[in-house]
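The values are calculated or read from the model by the stated rules, or taken from the named source; none is laboratory data. The model shown is predicted, which means the values in this text are computed figures rather than measured ones. Here the Cβ positions follow ideal geometry from the backbone for every residue, glycine too, while neighbour counts run over all protein chains shown.
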Protein chains: 2
Amino acid sequence: MGAARFLRGLLPLLDPSKLTVIVNTTDDETFFGLHVSPDLDTVTYTLAGAAHRKQGWGLDGDSFRCLEALGRFYDENWFQLGDRDLATHIFRTDALRRGRRLSQVTAEIARRFDVAVRILPMSDDPVRTRISVEGAGTLDFQDYLVRRRARGRVRAIRLAGLAKARPAPGVLSALRRSDAIIIPPSNPFVSILPIVKLRGVRAAIRQSGARIAAVSPLIGGAPVKGPLDRMLRGTGHRVSSTGVAELYRGLASVFVLDRTDGDLAPQIERLGMRPVVTDTLMKSPARARKLASRVLAELAL
Amino acid sequence: MGAARFLRGLLPLLDPSKLTVIVNTTDDETFFGLHVSPDLDTVTYTLAGAAHRKQGWGLDGDSFRCLEALGRFYDENWFQLGDRDLATHIFRTDALRRGRRLSQVTAEIARRFDVAVRILPMSDDPVRTRISVEGAGTLDFQDYLVRRRARGRVRAIRLAGLAKARPAPGVLSALRRSDAIIIPPSNPFVSILPIVKLRGVRAAIRQSGARIAAVSPLIGGAPVKGPLDRMLRGTGHRVSSTGVAELYRGLASVFVLDRTDGDLAPQIERLGMRPVVTDTLMKSPARARKLASRVLAELAL
């Protein structure tokens, strides 16, 4: 998850109490009756320094004994949930069933992990990414990404529940009060645009007058990980950082792209954004910090 | 758990398809939002040969990583739930939330553990043992037994929900069709009488004409484990096998008691039961089998 790596790079550069992270929830899923919020957890675990060092998910040093035992009852235990990770899902599910909202539970989980950064789910209401794949019908995101390993030709990406969903408490005010907004190197379709498309979000961003930088998730025209290329192609966009920039048109004023895609800078400029060409591959925490530092500098922070 | 040890001794002596085990559910409890049925699980794990060899609960060789992690969120994680054991509770909770009944879920869990013996919860309706303890108020059973280690003077034992509860599907018909019924060496107040007191159970037993043997859970006037002595004393009963036999009066026709309590045989006879004096301490599977074999013989099975 590029956003998590970027966040890890950003953290040492900022006063954590000044930072709010708004997190996508459209790939939340129910497994074994437990409410799993993969992006919220990755962000929380990352900020807690507890995330797995290599994988883009889960806790460092986790074991999988419960999941193994769940295999006795469920035919489908393809989603990797570690024993200690499960505690988070059990707690979240329990709290939601007791009537607490996802944003409250998220804050509580962050507190229990001693995370000082404010973490907000985009919405307390369910919005779900649904992917139409040629020959496979319409799939939930985790089903598409994890179980089917993103195989098949993407025909459409839909956000079910978007029209009815309100931003979670704190989202709009955090945006309005912000001096700067960073769109990290993530999948625009399933991680960034669901937030941007929520009712009131664009208006709040406009009101803030914040400087906004986006970092392209593509390097050399390809995603570091994940099916973004297939999603861009399948929805009729260019498979390049220009294609991504087009999705952020009118939103970001600075667009950071990798050196390998430096030749696209004039196209970015024509979209009304200032291109910043640098190394965006976050091979190490030091490299992530360097990238984050560059983005902050471009935002005059 | 004396009943589980006894069951392990009984199993090799019978055609498992001929056996039905009716299990107490009044010490069921919700932990972390998960429905835990300690007695059902102990019986299932025992019959599956998967129970912990020494403890009276849990799975053999289980680990406790999830529980440890739950300690981050919950102040109270005193009830030991292993990682593999948790899979059972997660599945049960998920299935109950989907509208399945406890008896259905119990059968499914048994099937998944390849248990051929029929296991029935006493009821699909919630009945809960509540213990009044001097100076501590009224406690849920696990709170009393596990968290407070059964400390304090018992003043009363109540079965909340009993009046409204119906026996689970299959309970009455299994009793009616039975040739013999064994009341294993268990706590009468919290394991046996909750079943017996359910609406229709005594009538079904009478209709069956079954021979009925009870095994005293006391040895030398004391429980092998657990607070039965305190419960007998606190509710005004004799703390002896005679006190237990009095609770089974009009129910059992054979009463098995330990050699160390052999002098009570005349008292048992006066209660209208045939006393059988033998070794009841199940120190090993062989000893459990010997005891079970003796009980079967006394029932002419």
Would region B:173-191 turn up any residue that is surrounded by 18 or more Cβ atoms within 10 Å (Cβ to Cβ), of a type in the set (Ser, Thr, Tyr) and either touching a strand residue (DSSP E or B) at 6+ places or on another chain (Cβ under 6 Å) or in a loop (DSSP other than H, G, I, E, B) (or both)?
yes
Odd one out for B:Ala4 among (1) at pLDDT below 95; (2) part of a loop (DSSP other than H, G, I, E, B)
(2)
Scan region B:38-59 and tell me whether some residue there is closer than 17 Å to A:Ala69 by Cα, touching a helix residue (DSSP H, G or I) at 6+ places or on another chain (Cβ under 7 Å), part of a loop (DSSP other than H, G, I, E, B) and modelled with pLDDT of 95 or more.
no
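Quick grid of which residues meet (1) surrounded by fewer than 23 Cβ atoms within 10 Å (Cβ to Cβ); (2) over 15 Å from B:Ala3 (Cα atoms); (3) of a type in the set (Ser, Thr, Tyr):
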residue	(1), (2), (3)
B:Asn24	no, no, no
B:His35	yes, yes, no
B:Thr44	no, no, yes
B:Leu47	no, no, no
B:Ala51	no, no, no
B:Gln55	yes, no, no
B:Cys66	no, yes, no
If A:Leu59 passes every condition in (1) among the aliphatic types (A, V, I, L, M); (2) in contact with a Lys or Arg (Cβ under 9 Å, 6 or more places away or on another chain); (3) more than 10 Å from chain B (Cβ to nearest Cβ); (4) crowded, with 17+ Cβ neighbours inside 10 Å but one, which one does it miss?
(3)
I'd like to know if region A:253-266 contains one or more residues that are in contact (Cβ under 8 Å) with a residue 12 or more places away in the chain, closer than 25 Å to A:Asp179 by Cα and part of a helix (DSSP H, G or I).
no
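Taking B:Gly226, is it at pLDDT 95 or above and closer than 21 Å to B:Leu159 by Cβ?
Values: at pLDDT 95 or above: no; closer than 21 Å to B:Leu159 by Cβ: yes.
Answer is no for this residue.
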Among (1) among the aromatic types (Phe, Trp, Tyr); (2) free of Cβ contacts under 8 Å to residues at least 60 places away in the same chain; (3) within 29 Å of B:Ala107 (Cα to Cα), which single condition is B:Phe189 missing?
(2)
Scanning region B:272-301 for residues that are hydroxyl-bearing (Ser, Thr, Tyr) and in a loop (DSSP other than H, G, I, E, B), which turns out farthest from B:Ile219 (Cα to Cα)?
B:Ser284
With the requirement that a residue be assigned to a loop (DSSP other than H, G, I, E, B), out of contact with any strand residue (DSSP E or B) (no Cβ under 7 Å at 6 or more places or on another chain) and among the small types (Gly, Ala, Ser), what does region A:235-252 give you?
A:Gly236, A:Gly250
Hits in region B:121-142 (condition: touching a residue at least 12 places away in the same chain (Cβ under 8 Å), over 15 Å from B:Asp39 (Cα atoms) and out of contact with any strand residue (DSSP E or B) (no Cβ under 8 Å at 6 or more places or on another chain))
B:Asp125, B:Gly135, B:Ala136
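Looking at region B:200-234 only, could you name the residues that are surrounded by fewer than 15 Cβ atoms within 10 Å (Cβ to Cβ) and part of a loop (DSSP other than H, G, I, E, B)?
B:Gly200, B:Gly209, B:Gly220, B:Lys225
Kindly provide the set of residues from region A:13-23 that are assigned to a helix (DSSP H, G or I), at pLDDT below 95 and not charged (D, E, K, R), ordered by number.
We begin by selecting, within region A:13-23, every residue assigned to a helix (DSSP H, G or I); these are A:13, A:16-18.
Applying the additional criterion that residues be at pLDDT below 95 yields A:16-18.
A:Pro16, A:Ser17, listed by residue number.
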In the list B:Gly135, B:Gly161, which residue meets the criterion of being at pLDDT 95 or above and either charged (D, E, K, R) or surrounded by fewer than 23 Cβ atoms within 10 Å (Cβ to Cβ) (or both)?
B:Gly161
A:Ser17 versus (1) closer than 30 Å to A:Arg158 by Cα; (2) surrounded by fewer than 20 Cβ atoms within 10 Å (Cβ to Cβ); (3) not β-branched (Val, Ile, Thr): which is the lone unmet condition?
(1)
Could you tell me which numbered condition B:Val190 fails, if it satisfies all but one of (1) under 27 Å from B:Leu11 (Cα atoms); (2) among the aliphatic types (A, V, I, L, M); (3) at pLDDT 95 or above?
(3)
Of the residues in region A:31-53, how many are over 17 Å from the mean Cα position of the chain (by Cα) and away from chain B (no Cβ under 12 Å)?
2
So, B:Ala214, is that one touching a Phe, Trp or Tyr at 6+ places or on another chain (Cβ under 7 Å) and small (Gly, Ala, Ser) or not?
yes
For B:Gly71, indicate whether it is touching a His at 6+ places or on another chain (Cβ under 6 Å) and surrounded by fewer than 23 Cβ atoms within 10 Å (Cβ to Cβ).
no
